Every structure is written in structure tokens, then in C-alpha cells.
1. Out of region 188-231, which residues are among the hydroxyl-bearing types (Ser, Thr, Tyr), touching a strand residue (DSSP E or B) at 6+ places or on another chain (Cβ under 7 Å) and within 16 Å of Lys165 (Cβ to Cβ)?
2. Considering only residues that are surrounded by fewer than 16 Cβ atoms within 10 Å (Cβ to Cβ) and at pLDDT below 85, which ones fall in region 235-267?
3. Could you run through region 112-134 and say how many residues are without any contact (Cβ under 8 Å) to a residue 24 or more places away in the chain and either more than 34 Å from the chain's Cα centre (by Cα) or under 15 Å from Lys41 (Cβ atoms) (or both)?
Amino acid sequence: MSFEKNRLLCTMKFALKILLLSLLFVSCNSPKVIPESELKKIITESLISEAVVRTISPKQQKGMDSVDIYTPILQRYGYDLRDFEHTIAVLSIRKSNPLTNILDGVVEDINGREAQASELYRRFQKFDTLALNHFADTIYEIDTTFVSSLGKYRLPKIFRPKAGKYVVTFDYTSTLDYRIGTRTLQYKSYNNNRVEQENQFWFNRSNNKETMRSEILIPSRYDSLVIKFNIPKLEKKSDIVDSSTISNIRIIYYPKIETARLNYIQELVYGNQRLTPKPFDNDTDDIADSLRPPFIGRR
């Protein structure tokens, strides 16, 4: 009798061990329920990541259709997609329906981050403007007022122009109607006597004095930069008097924003002493004055 009892006890112990191991295996492989506080953070980061991916240009998006942005976020919190799906299913059947509060919290969090990002972006823009203006260099200016046609009037040639932006400004008035495209400010960049890039800025009638502004972007260093006005003369038979004027011509150089930003930070950290010279401080020979204005009148 005792033998049968011992065999029954051993069988029950073995069955209990099998049951415990089975429960442990099931619990280890069962999806976890994500706490509401972590779920809100996961959803917030996922929505922000989606928005960032949408801002990428279509050309850059090639090959990104199958990119999984959710798994890395979940793994950072110790979960996977099964846990996320299981949590959503569990919360959605609760009477209290906590998903509504969680999503409201996500919206509030995203709005707060958007406000912070906008403020940070505004500060960066202000800093970049300060840096560019700090290192802006007026490399040419003339206060002469040119009256009537200038023909093809070339501004001083700039040798070895630095990479960055050149801004040409001038005051212009004209009471005559010219064909569109007949009055232009042209520029050409040269390397080894070959034109690397060229463009032009059109300006026509302006009864009141108007300040014109044209930007020239130089992506890399060239041998020279030539800027000239192309203002045709009126026909000799015409009785119309051309009273147009151009005055206060300026050429201002702005370095690349990355360079200006870095140098400005260095000055703020190490003191007010300029660590790098202005772009043309040591290049006084870079500008060759070719002023031979073919103007009709001058005042």
C-alpha cells in the first residue's frame, strides 16, 4: 500500500513540475502590457519620427519604404510590436478607455515639443543672422550717380572670389518703359578662362528711387568673378531723354553660414579678439578696379 502511495506522490510531483515549467514558458512568451506612461512616450516618438521621414525629399526616400521606425523605439523601452499590439487591445476593451487620455497626452506633448522647437529654430536663425552680419565684408562701394545709359559697364573684377554669397545693391530710377530683359545685371564666374557659372538679374521701370538687390552664390573658389550692368543706349533718332540713374553701388561678401557660425562661436568663447581675418583683409590685390564708366552724364 505504501508502495502505491509513494508512486502516486512521485507522479503528482512530476506532473506539477511539468505544469510549472509550462506556465513559466507561456508567461515568458506572452506579450507584455506596456505601462500607460511609457506607451505615451512611445506613441509620441513614433509620430515625430514619421513626421521627420515625411519631410525627406522623394529622391532621398528611395529604398526607405520598408524602413521600420517603430521597432527601434519599442526596443529602447524593452518592448516589441507584439507587446504594443497586445497593449492597445487590452486598453481598448477596458471600461475606463484610457487610450483617449493617452492620446490627449500625446497631442499635448507634441504641441509642447513643437513650441520648443520653434523657439529653438528662431534662436538659431537670430544667431546665424548675427554671425553673417558680423563677418560681412563690403568689398566695393561707390557713391557716384550715373545718369542715362551705362552700356555694358563692368564693376571691378574680383580675383579668387571666396566661397559664399556676394550681394550687389544699388539705387535705381527710370521713367522709361524698356523691353523686359533689356536692362540686366550680369555676372560670370571663371576658371582657367572658362565660364563656370553665369546668371543675370532683370530690372526695368522704377519711377521712384528703388534699392535693387541681387545675390550671387559662389559654391567653391573660382579664378575670378565678373559683374557688369547691361543697359542699352536709346536710338540716336529718338527725341526721348533717358533720365534713368544708378547710384550707391555696393558689393558685400558673406561667408558660408557654417564658417560664419563656427568663427562667431570661437569669438564668443575665446573673447572679442577676431581669430580669423575678414575675407579680404589680406587680399587687397584681389579686387582690380576697372572703372571706366561709359556714361552719358554724371552728377
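The values are calculated or read from the model by the stated rules, or taken from the named source; none is laboratory data. Computed from a predicted structure; not experimentally measured. Glycine also receives a Cβ, built like all others from the backbone with ideal geometry; neighbour counts cover every protein chain displayed.
1. Scanning region 188-231 gives Ser189, Ser214, Tyr222.
2. Across region 235-267, the qualifying residues are Glu235, Lys236, Lys237, Ser238, Asp239, Ile240, Val241, Ser243.
3. Here is the first cut: in region 112-134, the ones without any contact (Cβ under 8 Å) to a residue 24 or more places away in the chain are 112, 114-126, 129, 133.
Next cut, either more than 34 Å from the chain's Cα centre (by Cα) or under 15 Å from Lys41 (Cβ atoms) (or both) only: 112.
Here the count works out to 1.
Every residue, every condition in (1) part of a helix (DSSP H, G or I); (2) over 27 Å from the mean Cα position of the chain (by Cα); (3) of a type in the set (Phe, Trp, Tyr); (4) at pLDDT 80 or above, yes or no:
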| position | (1), (2), (3), (4) |
| --- | --- |
| Glu4 | yes, yes, no, no |
| Lys17 | yes, yes, no, no |
| Pro31 | no, yes, no, yes |
| Ser37 | yes, yes, no, yes |
| Lys59 | no, no, no, no |
| Gln75 | yes, yes, no, yes |
| Tyr79 | no, yes, yes, yes |
